[in-house]
Every structure is written in structure tokens, then in C-alpha cells.
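Asks: First the structure, which I've put down as C-alpha cells, then a few questions once you've had a look.
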Amino acid sequence: QLQLVESGGGSVQPGGSLRLSCTTSRFGLDFYTIGWFRQAPGKEREGISCISSRGENTDYVDSVKGRFTISRDNDKNMAYLQMNGLKPDETATYYCAAGNRQIPIRGTSVSTFCSLGELSYDYWGQGTQVTVSS
């Protein structure tokens, strides 16, 4: 079973930046669509970004467009979320998730699936805390 590990969380002042990373120890991340989610105390878990298995397609929730950038480097078995201009109300636990497993098959194209809905994802990391405060 795929095990995801996030890193890069921490404390930052309003307007600051962080880069979150997501990886697995056994490779295989390139088989999956990757999503980033966050959950603040007392709030529902929110999908904030996603990227398809080879990076062909990305999506963002409106509130982070222009400030956050999702990317991946399948050669390094890594996915990233660059977060700029962080706001205090974005203090939350941030999760990496993987879903829509795609096994390469000769003569077929890979999926460009990308979703911000949590039900689209089968595997979740433990989360990394991001705190934005002065």
C-alpha cells in the first residue's frame, strides 16, 4: 500500500512562503494523481490543488490561485506545493493524497485526471502543520 510522507510545514509570518513536499519511500508516485488538502480547526477538509500523474493537468481552489503552485518531479518521486503570500486563515494541517492509480499499458495514453474532491483519493499522508501568524 502506498505510504505518503509530507514535509516542509512550519511557522511563517503573514505574507511569507513555504514549500511543502510529498514523497514515498518505495517509488510509484508517478502512477497517481496527487492532491493537496488542508483542514483548519473546526472546519471541513478542503481540497486546494491537484496534479495529474504526469503533470499534464492541474487545478486550484479559487482562494489560492495566483499564490500557490503545484508541481511534481516523477524522476525524483516527489510532488510539491509552493505557497506564497500565506494568510493567517490558512493556518491548517496540510495533507498530501494520492488516487486514480494508473498502470502504464502499451498503446494507451495516461489519464489526465485531477480532482479537488477528497473521495477521489485512496491514500493520505499524516499531515504537516502550517501556522501563519504574526
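The values are calculated or read from the model by the stated rules, or taken from the named source; none is laboratory data. None of the values given here were measured: they were computed from a predicted structure. FYI the Cβ positions are ideal-geometry reconstructions off the backbone, even for glycines, and counts take in every protein chain you see. Side chains are part of the model used for accessible areas, which takes the heavy atoms of the whole protein and leaves out ligands, DNA and RNA. Shrake-Rupley method; radii C 1.70, N 1.55, O 1.52, S 1.80 Å.
Asks: Here's a check for you: in region 52-78, which residue that is open to solvent by 30 Å² or more (accessible area, probe 1.4 Å) and assigned to a strand (DSSP E or B) is farthest from residue 88 (Cα to Cα)?
Replies: 73
Asks: Applying the selection to region 95-110, what residues are surrounded by 16 or more Cβ atoms within 10 Å (Cβ to Cβ) and either small (Gly, Ala, Ser) or over 11 Å from residue 53 (Cα atoms) (or both)?
Replies: Scanning region 95-110 gives 95, 96, 97, 98, 99.
Asks: Turning to a different aspect of this structure: Out of all the residues in region 22-51, which are surrounded by fewer than 18 Cβ atoms within 10 Å (Cβ to Cβ), small (Gly, Ala, Ser) and either at pLDDT 95 or above or over 16 Å from residue 78 (Cα atoms) (or both)? Lay out the reasoning, then the answer.
Replies: Of all residues in region 22-51, those surrounded by fewer than 18 Cβ atoms within 10 Å (Cβ to Cβ) come to 25-28, 31, 39-46.
Next, from what is left, pick out any that are small (Gly, Ala, Ser): 25, 28, 40, 42.
Matches in region 22-51: 40, 42.
Asks: Kindly evaluate residue 132 against the criterion of being at pLDDT below 95, surrounded by 14 or more Cβ atoms within 10 Å (Cβ to Cβ), touching a Ser or Thr at 6+ places or on another chain (Cβ under 6 Å) and aliphatic (A, V, I, L, M).
Replies: No.
Asks: Counting only residues that are surrounded by fewer than 15 Cβ atoms within 10 Å (Cβ to Cβ) and in a helix (DSSP H, G or I), how many does region 79-94 have?
Replies: Going through region 79-94 one residue at a time, the tally reaches 2.
Asks: Also, I was wondering about something else. Could you check region 47-104 and list, in sequence order, the residues that are over 25 Å from residue 27 (Cβ atoms), without any contact (Cβ under 8 Å) to a residue 24 or more places away in the chain and among the acidic types (Asp, Glu)?
Replies: 62
Asks: For region 105-121, state whether one or more residues are modelled with pLDDT of 95 or more, under 15 Å from residue 22 (Cβ atoms) and in a strand (DSSP E or B).
Replies: Within region 105-121 (the criterion being modelled with pLDDT of 95 or more, under 15 Å from residue 22 (Cβ atoms) and in a strand (DSSP E or B)), the answer is no, since none of the residues qualifies.
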